[in-house]
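The values are calculated or read from the model by the stated rules, or taken from the named source; none is laboratory data. Owing to the predicted nature of the structure, the values given are computational and were not obtained by experimental measurement. Reconstructed Cβ throughout: ideal geometry from the backbone, glycine too, with neighbour counts over all protein chains shown. Heavy atoms of the whole protein, side chains included, go into the accessibility calculation; ligands, DNA and RNA do not. Shrake-Rupley method; radii C 1.70, N 1.55, O 1.52, S 1.80 Å.
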Amino acid sequence: MREQRPRYHRIADDLRGQIERGELEPGGQLPTEFELVEQYEASRNTVRLALRRLTEEGLVIAGQGRGSFVRRSLKPAVWDWSVLESRTRHTSDEQGDQWASIVAESGRQPRQEVRVSIRRPPTEVAERLGLDPEKDLTVVRERIRIVDQDPYALADSYFPEELVRGTPLMLPEDVSAPGGVLASVGLVQARYRDEITVRMPTRAEVERLSLPAATPVAVHMRTGYDENSRPLRVMITILPGDRHVIRYDVSAE
């Protein structure tokens, strides 16, 4: 005989179907545990297991003391990484930095919260900048990137302190310049090296990005070099998987 699936799986299947059919709308509250116990004639523990299964799948958000809600979908931000930070596009960018311009061009409202500090770089950044993590200092620009009032990404840029001392990059505010702020002070990035990993978020990232459970993030680490291959900057961007689309055009030659 075929083994019968656990009761809480079947309850989760039914609720999942209601979500997928739109009967339970995004942002809407699910029936209370008591109501689900009566509806499915199941124990409270069985109902809780079903709700936990949907939460782990990223379909449901558990509100602290407020019940469970259908996860609200965010409109994806679409990025063409074939031209990300290209000098041609950056030179024509007169209205804030390139990220904000791309968001605004899509008809949405960009905003950044910026914090600047001077500190020792983490080991992975120090290695890419050719610095001693025990002795050298970096200027760190930490940004929460917000689209239409929702936090969409974290972007932390690290610069060797001796290179950017006294430049606008030290200012604790949103700064930009045609061609890029680095280029405006004579530090021109000639090429980039990208490294992309995917993982589950840290607790700090969950809090800063208001991430629902079961939301993986892509970590995009970009190192910029001048024409002599001297590293000028490392930028680490945290991109939640539920609100970004990354596109590339790649030559087949």
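Here the extension length gained between ALA104 and THR32 equals 21.9 nm, from 0.36 nm per residue of separation less the Cα-Cα distance.
Using a 1.4 Å probe on the protein heavy atoms, what percent of the accessible area of the stretch 1-54 belongs to carbon and sulfur? Spell out each step's value before the answer.
Details: 1720 of 3860 Å².
The C+S portion of the solvent-accessible surface of the stretch 1-54 is 45 percent.
In the context of the full set of protein chains, the chain has a per residue accessible area of 57 Å² (1.4 Å probe). Taking Lys and Arg as +1 and Asp and Glu as -1, the other residues whose beta-carbon sits under 9 Å from that of ARG243 total -1.
Taking Cα pairs under 8 Å and at least six residues apart, what relative contact order does the stretch 7-70 come out at, in percent?
Numbers: 66 pairs, mean separation 26.7, N = 64.
RCO, the stretch 7-70: 42 percent.
For the chain, modelled as a GNM with alpha-carbon contacts under 10 angstrom, which of ILE11, ILE238, ILE146 fluctuates the most? Among ILE11, ILE238, ILE146, the largest mean-square fluctuation in the Gaussian network model of the chain belongs to ILE11.
When the alpha-carbon atoms of the stretch 40-165 are used, the pair Rg, Dmax equals 21.4, 68 angstrom. DSSP finds beta bridges in the stretch 77-247, and of those with both partners inside it, around 90 percent are antiparallel. Leaving ligands, DNA and RNA out of it, report the carbon-plus-sulfur percent of the accessible area of the stretch 139-253 at a 1.4 Å probe. For the stretch 139-253, the apolar C and S fraction of the accessible surface comes to 50 percent. Amide H to amide H distances under 5 Å link GLY67 with no residue, where only residues 5 or more positions off or on other chains count and H is placed in the peptide plane. The residues neighbouring VAL116, those whose beta-carbon lies less than 12 Å from its own, together hold a net charge of -2 under the Lys/Arg +1, Asp/Glu -1 convention. Taking the helices alone, the chain has a mean residue ellipticity at 222 nm of -7500 deg cm²/dmol, built from -39,500 (n - 2.57) per DSSP H run of at least 4 residues and averaged over all its residues. Candidates GLN4, VAL139, PRO160 compared by Cα position along the dipole of the chain: farthest toward the positive end lies GLN4, with charges placed on Cβ. Here, the stretch 7-70 has an Rg and a Dmax of 10.5, 27 Å when only alpha carbons are counted. Residues of the stretch 142-168 with the amide nitrogen closer than 20 Å to a label point 7 Å from the Cα of ARG119, along Cα-to-Cβ, please. 142-145, 153-166, by backbone N distance to the label point. Between beta-carbons, use under 13 Å as the cut-off and find the net charge around ARG44, counting Lys and Arg +1, Asp and Glu -1. Neighbourhood net charge equals -1.
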